[in-house]
Amino acid sequence: MDGRPTYYEFFAGGGMARAGLGEGWRCFFANDFDRKKAESYRANWGGDELHIGDVREISTAQLPGRADLVWASFPCQDLSLAGAGAGLKGERSGTFWPFWDLMKALRQEGRAPSMIVLENVCGALTSHGGKDFIEICAALAKERYRFGALVIDAALFVPQSRPRLFIVAVREDVAIPISLAIRHGAAQGDETDFGLRQAARRKVFHTRALMAAHEKLPRKLRDNWLWWDLPAPLQRNATLLDVIEEAPCDVAWHSAAETQALIAMMSDVNLAKIAEAKRAGQKMAGALYRRTRYQNGVKIQRAEARFDDVAGCLRTPAGGSSRQYALIVDKGRVRSRLMSARETARLMGLPEDYLLPATYSDAYHLTGDGVVVPVVRHIAASLLEPALNACSVQAAA
C-alpha cells in the first residue's frame, strides 16, 4: 500500500509544485488548460494524472479519492500590479471561483482536502482595496477552513527576486500543533516565546502588506486566522553568476554596439551601477529589464540594471512585459544578452534534467509563469508534512 500523502495540482503549468513536493507525495490529479505547458508536464511527469482543459469544465467525478492537499497557483494577471485591476472578477484570476466550486462540491461529498495552498502575486493582498483577499478568506471560512498566509521571496532560495503570497488553509477538524501556528488572538501580550516568534515571523514571512491585509479582515474572519510559524531557510549558496552560462544554445551574446545601445538607455542611477561593477575588480553578474518610463510627460524606453546578486522577477513575455537580460562585467568590459531558457529554469529552482519546451518563447513563458521549486519544498517540509504527520499520529492514537 502506498502510504504517501496525496494531492491534486490545479493550474499546474509545467508541474513546478509537483517538483517541490517531491517523490514523498503522490499526485492523484493535475490540471491546466494551456496545452503547451501540459506538454512539458507530460514530458517530465507522465500524463496519467493530467487533465488538459478549462477548470470550469471539471467535475468532482474526475477527482479520484480524497486528497490530503490541494495546491492551486491560480492565474495572477488580474491581481498583478501590472494588470488591468479586474481582480477576482477578471477573466483569468476569476478562475479561482470555478476552482473553489469544486472544493465546495468535494466537501458536500465528504471529500474535503485536509489542506489547501493558494499561491499568487502579492497584489492579491491589496487588489480592490483588499476586498479580493477578504473574499478569498471568507470563502475558506465558509467551507470550515482555518487559514493564514505567508509572503515568501524566492531570493531566500534562488538568485531571483520573486515575492509571492501563499495562503495555507487547514480543515477545521485537523489539529495543528502549536509549534506550527498560533491562532489569532492567542497568547496576546506574551513577551516571551510568542513575542519572539512573532517578531521573527514579521521579519521573514509576515510583511507589512500582509499584516495590513490581516487587519482589514472582519473580526469573524480573523477568528479563523492562523499565524504560521515557519523557520527561515539556510543562507542561499547559489549566486547569479552560478546561473549564467558562457555559451547558451538558444541565445547569443550581443555585439559591442548592441550592448552599448542598451547602456545608452540607462539613467544616471543605472549608469552608476555599471561603473561600480567595473570598479569591483572581479567578474560581476547582473540583470536588466527594458521598461517604459515617463520623462516630462513623455514615454521613453529605459534600461534598468541591478547588481545585487539576484535577477529581477521573471515574467511571461506578453502584454508589454519584456524578457530579462543577463549582464556580465569583467575587466572593464560589459557584455549583454537575453537570459537563456535554461537560466530561467535555474532561477525557478528546476533541476538540470527538467525537460524544457523546444522553443525559446515557450520555455520562457513556462518558467516565467511558475512557482519556485525550493519555496514549495520549504513549505512542504516545514508545514504541510509536519501537520499531516501530526494528524496521522492523532488518528492512530
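Give the residue, chosen from GLY123, GLY87, that is at positive phi and either buried (at least 19 other Cβ atoms within 10 Å of the Cβ) or at pLDDT 90 or above (or both).
On the way: GLY123 fails: at positive phi.
Result: GLY87 is the single residue among GLY123, GLY87 that is at positive phi and either buried (at least 19 other Cβ atoms within 10 Å of the Cβ) or at pLDDT 90 or above (or both).
Across segment 50-65, what is the total count of residues that are assigned to a helix (DSSP H, G or I), of a type in the set (A, V, I, L, M, F, W, C) and in contact (Cβ under 8 Å) with a residue 40 or more places away in the chain?
1
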* Failed condition for ASP153, given (1) without any contact (Cβ under 8 Å) to a residue 12 or more places away in the chain; (2) farther than 21 Å from PRO231 by Cβ, with all others met? -> (2)
* Can you name the residue in segment 329-362 that is β-branched (Val, Ile, Thr) and touching a Ser or Thr at 6+ places or on another chain (Cβ under 8 Å) and, of all such residues, is farthest from GLU276 (Cα to Cα)? -> THR344
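Any residue at all in segment 280-295 that is of a type in the set (Gly, Ala, Ser), touching a helix residue (DSSP H, G or I) at 6+ places or on another chain (Cβ under 9 Å), under 30 Å from VAL376 (Cα atoms) and assigned to a loop (DSSP other than H, G, I, E, B)?
Our first condition is that a residue be of a type in the set (Gly, Ala, Ser); within segment 280-295, this holds for 280-281, 285-287.
With the extra rule that they be touching a helix residue (DSSP H, G or I) at 6+ places or on another chain (Cβ under 9 Å), the set shrinks to 285-287.
So of that shortlist, the ones also under 30 Å from VAL376 (Cα atoms) come out as 285-287.
If we keep only those that are assigned to a loop (DSSP other than H, G, I, E, B) as well, we get none.
Within segment 280-295 (the criterion being of a type in the set (Gly, Ala, Ser), touching a helix residue (DSSP H, G or I) at 6+ places or on another chain (Cβ under 9 Å), under 30 Å from VAL376 (Cα atoms) and assigned to a loop (DSSP other than H, G, I, E, B)), the answer is no, since none of the residues qualifies.
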* **All positions within segment 7-48 that are in contact (Cβ under 8 Å) with a residue 40 or more places away in the chain and either surrounded by fewer than 19 Cβ atoms within 10 Å (Cβ to Cβ) or of a type in the set (Asp, Glu) (or both)** => GLU9, GLY22, GLY24, LYS36, GLU39, ALA43, ASN44
* How many residues does segment 243-264 contain that are crowded, with 16+ Cβ neighbours inside 10 Å and among the hydrophobic types (A, V, I, L, M, F, W, C)? -> 6
* Run GLN260 past the list (1) part of a helix (DSSP H, G or I); (2) touching a residue at least 24 places away in the same chain (Cβ under 8 Å); (3) not aliphatic (A, V, I, L, M) and report the number of the one that doesn't hold. => (2)
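The values are calculated or read from the model by the stated rules, or taken from the named source; none is laboratory data. Here the structure is a predicted model, which means the values were calculated and not measured. Because the Cβ atoms are built from the backbone with ideal geometry, glycine has one as well, and the counts that use them run over all protein chains shown.
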